[in-house]
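Quick notes on the structure that follows.
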Amino acid sequence: MDSLNNKREYESAYGKMSRKLVTESSELSGRFMQRLNGIRENHEVLNSIRGLDHNLALETAIKYFGRGVHTAVGIDGSMDYDERLETLLFYVNASAYSAPLTVSENGVNVDIKEIKRTDNLSSYAAVPLWLEDLSEVFMDQVAAETEYDFHTFIEKIPFALMTMAEIWSALNSVRTPGIRLIFMDRPLYGTYTSALKDLRVILRSGVSLLTKVRTEYGQPSMLDISLASTIGPGMWIPNRIPYQIYGILKALIEGADSNSIAEKLGLTNEELKKLGKKIEKKNKESNGELLDSSNNGEFKIKEEVKNYWERVRAASENIARNAFESDKHPLKVDDENWLTIYELNAVNVFLLYELVKEAVENKVLLVGITKDTTASDFTRSALPFSQSLGIIKGPLSPSFRNDRGFLTVMAAVNGEKLKTPWRTLSYDSSFTSMNGDIDHRPVLSAARKYISRERLFVKSYFQLRTFATDPQMRSPVFAYDRPFMEAFDSGFVKTVTARTRSGTVNLKIFFEENGISEIDNLVLCLLLCSDNPEVLEAYGHNQLLYMADKRVKYEIMMTKNALKGIADLQLGALARRERIFSISRRFRDIRAESERLREKGATEGS
């Protein structure tokens with residue numbers, strides 16, 4: 001009787017859940033159709049789309065690369081880790097594949113049939129770490145109460161090292177003669193902003209083991225790290241809070257005199273006076289390492305400060321070289337000190353700065369591709385800004401809060417009008433930190449407290465292929481970003497006003513309003529000839545990155561199995577000798593294997 005009642009209660013609960021799911025699914029379908037119809041009726045949005053101009057792409061390729069056969073490279077990374085005897089074993093790898101890039105009167109082509117692995121550009125590392133040393137790597141900020149928290153913490157280590165491996169491989173590629181195009185399987189701007197957060201932790205703490213790294217230029221100081229964090233290798237500095245002080249310091253480092261700085265940076269005497277006090281404060285915080293003299297707003301930078309970037313760059317490269325090209329422990333500075341996760345990501349920021357600098361100087365086109373993204377900056381800020389400029393007329397109701405979802409649906413419902421390949425108009429990466437509201441002036445506002453610095457990277461979404469049998473069936477929508485390039489992008493820079501919590505600020509942002517961006521048109525052309533329509537996983541994506549992805553996953557699997565065996569031999573012998581079997585493996589793993597063996601025994605016994 002009890003069994004029958006339990007069955008009826010289960011069926012009753014199941015029925016309620018089923019009816020509720022049907023109702024909720026119907027509501028979801030209704031809301032989706034409303035969004036779909038809103039996009040279908042909003043044809044103005046198509047004005048934010050750019051097609052491919054093949055002739056312009058060829059002209060730009062000849063101007064940028066030159067005629068001849070060059071090399072294109074795709075770089076991807078992977079990571080994994082194991083736990084053994086209270087020890088963590090991290091595995092990271094970045095692999096590079098190359099193909100001929102031909103620029104001739106017949107067009108631009110990446111020959112994907114000639115793809116090959118480029119071993120000398122690959123980076124890999126295996127890192128052992130005792131669990132008790134985690135607190136040092138995380139600067140005593142480990143507070144893992146649950147297994148989920150624990151794994152969230154420790155995954156940051158291989159992720160930071162994997163990021164470093166990819167950037168290091170890309171930097172080596174830029175320095176390799178003949179390589180003129182680099183695809184990275186990661187967003188450049190997203191990599192930068194994520195790593196920058198950890199760099200700021202170091203700056204707030206006021207101490208870093210990077211200052212213990214010896215280089216041919218000397219050991220970097222905390223002042224060097226602070227200057228490098230914003231000025232980098234001499235990058236353009238926004239003339240707004242909190243960057244203004246670094247704009248003045250950059251001008252002084254480059255040899256400008258105090259009298260000309262106000263005019264050069266467009267500062268009033270009152271603004272210059274306030275910033276002068278901040279410079280004196282920074283000099284005091286650095287124990288007088290910054291200024292040689294200071295008198296009534298007249299500043300003279302110490303001569304040794306001018307080599308700040310060489311020291312920071314060399315220290316960062318030494319750490320990367322130690323991680324991927326030596327037998328030393330990747331996380332050890334010396335016998336006593338560990339690099340923290342924050343210092344690893346600080347190095348990633350500095351290596352990325354150098355990568356962008358050398359790529360632009362050497363005319364190597366650097367493109368980061370994002371496959372999976374939940375970003376909403378195109379619909380949230382770029383589209384409303386387009387409307388304010390008159391690019392899009394009439395009401396704007398994207399309906400979707402996800403850029404990829406919105407653009408995928410838009411392309412499908414406008415299949416006859418929107419031919420592949422296409423890309424969105426390109427825009428400044430700083431739009432990711434802004435909201436757009438056409439009903440307010442200024443239209444743009446900070447999504448949080450600050451607006452991230454502009455003129456670093458340029459972003460766009462793209463779609464490459466349409467199925468021949470059905471124009472509504474298309475390859476996925478992806479995003480790419482690239483460095484801002486003064487020689488090609490200055491004509492698209494606009495001065496606009498945006499709202500922040502502390503008031504309005506003036507921004508000098510890149511936005512493809514009038515005309516076609518030569519570089520972004522070329523990027524779309526290169527993306528089109530770098531995918532493989534015969535391989536589903538690379539259809540509309542990138543064959544070089546597809547090959548690199550397969551390789552790094554295979555190598556990580558093989559490396560993990562091999563090194564895990566070595567670790568088991570070493571640590572297992574220790575466990576047997578010292579009789580500490582209970583900590584040689586996790587309790588959860590021991591319990592799972594015991595249960596498996598018990599079930600196996602019961603099955604065989606029956």
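No value in this document is a laboratory result; all are computed from the given coordinates. For clarity, every value in this text was computed on a predicted model and none was experimentally measured. Positions of Cβ are backbone-derived with ideal geometry, glycine not excepted, and every protein chain shown enters the neighbour counts.
Kindly flag which residue pairs out of K250/K274; K300/K357; K264/K363; K250/K363; K281/K302 have an alpha-carbon separation exceeding 21 Å in this structure. The partial results should precede the final answer.
Details: K250/K274 17 Å; K300/K357 27 Å; K264/K363 28 Å; K250/K363 24 Å; K281/K302 16 Å.
Correct reply: K300/K357; K264/K363; K250/K363.
Percentage of Cα-Cα pair distances in region 273-318 greater than 13 Å, rounded to whole percent?
Working: 625 of 1035 pairs.
Cα-Cα pairs in region 273-318 separated by more than 13 Å: 60 percent.
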Ordering of 252-263, 227-238 by packing [mean C-beta count within 10 Å, highest first]: 227-238, 252-263
Length-normalised contact order of region 266-401, Cα under 8 Å, at least 6 apart, in percent, tallies to 11
Mind checking the full-extension length gain between I438 and E105? Use 0.36 nm per residue of separation minus the Cα-Cα distance, one decimal, nm. 115.4 nm
With +1 on the Cβ of every Lys and Arg and -1 on the Cβ of every Asp and Glu, and nothing else charged, how large is the dipole of region 316-388 about its Cα centre, in debye rounded to the nearest 20? 460
q = 0.14, 0.28, 0.33 Å⁻¹: log10 I(q)/I(0) that the Debye formula gives for region 335-381, counting C-alpha atoms only: -0.64, -0.95, -1.06
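Report the gain in length on full extension from N259 to N55: 0.36 nm times residue separation, minus Cα-Cα distance, nm rounded to one decimal. Working shown, then result.
Numbers: separation 204, 0.36 × 204 = 73.44 nm, distance 4.85 nm.
Additional length available on full extension: 68.6 nm.
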How high is the relative contact order of region 314-460? Use alpha-carbon pairs under 8 Å, at least six apart in sequence, and give a whole percent. 19
Reciprocal mean inverse distance between Cα atoms of region 382-456 - Kirkwood radius, Å: 14.0
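Given 10 °C and 1.306 mPa s, how large is the Stokes-Einstein diffusion coefficient of region 166-233 in µm²/s, with Rh as the Kirkwood radius over Cα pairs?
Numbers: Rh = 14.2 Å.
The Stokes-Einstein estimate is 112 µm²/s.
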Given the peptides 513-522, 186-195, arrange them by the average over their residues of other C-beta atoms within 10 Å, most packed first. 186-195, 513-522
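Please report the relative contact order for region 167-276, taking Cα pairs under 8 Å with a sequence separation of at least 6, and give it as a percent rounded to a whole number.
Relative contact order of region 167-276: 11 percent.
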Given the pairs K156/K284; K197/K284; K20/K449, which span a C-alpha to C-alpha distance of over 29 angstrom in this model? K156/K284; K20/K449
